[in-house]
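First up is the structure itself, then whatever we jot down about it.
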Amino acid sequence: MMAFALAYSGFTALCTAMARHHEQILGRRAVTPRRRRLLSGLGFLLLAAALASLVLAEGWGMGTLLWLGLLTAAANLLVLSVCYMPRAAPAISAGFLVLGLVSTLAGA
């Protein structure tokens, strides 16, 4: 669950780094170059963290395969949320992170 939350949050950050989606999601007109770099870096870092968590849990072969499947599912969910309720995308991302953290702590 945590890997999916990281992947969804990473895609949300990457999506928000784009000017058009930044306006849709956050309601702000312009995304500054500094914020764009920050969001892009955060997005790639979160996607890498999702890969790392799966590789540590399942090994390179299966972890990479699961990561690719999670990327597909997370991207599809983000596309739907940005299309139909763009302002809710950050809240959905935060909710997934909380659920992922709780499920990780409960499993430990």
Determine the relative contact order of the chain: mean sequence separation of Cα pairs under 8 Å and six or more apart, normalised by residue count, in whole percent. 43
Calculate how steeply helix 33-58 sits against the longest principal axis of the alpha-carbon atoms of the chain, using the helix alpha-carbon long axis, and give the answer as 0 to 90 degrees to the nearest 10. 10
Longest principal axis of the chain (C-alpha) makes with the long axis of helix 60-84 (C-alpha) an angle, in degrees to the nearest 10, of 30
What is the percent carbon and sulfur in the accessible area of the chain, measuring with a 1.4 Å probe over the protein chains and ignoring ligands? 72
Cα Rg over Rh - the range 67-108, Kirkwood: 1.07
Note down the Stokes-Einstein diffusion coefficient of the chain in µm²/s, whole number, using a Kirkwood radius over alpha carbon pairs, 4 °C, and 1.567 mPa s. 92
Accessible surface, the chain, averaged per residue in Å² (probe 1.4 Å): 60
Which peptide among 33-39, 45-51 comes first, and what is the full order, when sorted by highest mean count of other Cβ atoms within 10 Å? 45-51, 33-39
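The values are calculated or read from the model by the stated rules, or taken from the named source; none is laboratory data. This is a predicted model, so every value here is computed, not measured. Glycine gets a Cβ as well: all are built from the backbone with ideal geometry, and neighbour counts include every protein chain shown. All accessible areas refer to the heavy atoms of the entire protein, side chains included, with ligands and DNA or RNA removed. Shrake-Rupley method; radii C 1.70, N 1.55, O 1.52, S 1.80 Å.
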